[in-house]
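Undergrad: My questions will all concern the structure given below.
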Amino acid sequence: MKIKTPLTCAILFCSALPIYAQSNLTVSLTLPEIATGQYYRPYTAVWIENNKGKHVKTLALWSEPKGQKWLKDIRRWWRKKGRSDSQWVDGISSATRPAGTYDLNWNLMTEENIQIKNGDYKVFIEVVREHGGRNLLKHSFSLNRNFKTTLKPTAETGPIKIQFNK
């Protein structure tokens, strides 16, 4: 009988893990086609901050391969994460993207691969284009409930859909 109780507890605990592990945030980011004589693909950063403004996770960082000196133009992201660790930036950044829609998923893990705590967070999207504009969008959310929202298009972005499934 002693074996059944710990075994039952272990089974119940392990069966609850996938529920939290399946929780995720999806950001569907649209970069529009911009008709202009001199068009450059935008530098883009998408990241999560906690309710105290601390960087939690960068979901995307798109820049030119040799454009690290221009990353500081993604101002908020640069101040929160970029300037503190240039080797990390080299490891996570990828090429700028053409016009289109891109789905980014967050599994609720930090940069250090640690499960985050339940609470309130913000997703930030910062898009900067040479000879173009700069847009910083943010949306607050709580891990306590599911949600789905669409941020309105800006000069540098199309509509941005954000969805959290608990």
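Undergrad: Please specify each residue of segment 117-150 satisfying the condition of being surrounded by 12 or more Cβ atoms within 10 Å (Cβ to Cβ), part of a strand (DSSP E or B) and of a type in the set (D, E, K, R).
TA: Listed by number, the residues that qualify are D120, K122, E126, R134, K138.
Undergrad: Now for a separate question. Any residue in segment 137-151 that is in contact (Cβ under 8 Å) with a residue 60 or more places away in the chain, touching a Lys or Arg at 6+ places or on another chain (Cβ under 7 Å) and within 24 Å of K72 (Cβ to Cβ)?
TA: Checking segment 137-151: not a single residue is in contact (Cβ under 8 Å) with a residue 60 or more places away in the chain, touching a Lys or Arg at 6+ places or on another chain (Cβ under 7 Å) and within 24 Å of K72 (Cβ to Cβ).
Undergrad: Could I ask something else about it? Report, by residue number, each residue of segment 120-136 that is farther than 18 Å from T58 by Cα and in contact (Cβ under 8 Å) with a residue 40 or more places away in the chain.
TA: Matches in segment 120-136: R129, E130, H131, G132, R134.
Bear in mind these aren't lab numbers, they're just calculated from the coordinates by the rules spelled out. Given the structure is predicted, the values throughout are model-derived calculations rather than measurements. All Cβ positions, even for glycine, are placed from backbone atoms using ideal geometry, and neighbour counts span all protein chains on display.
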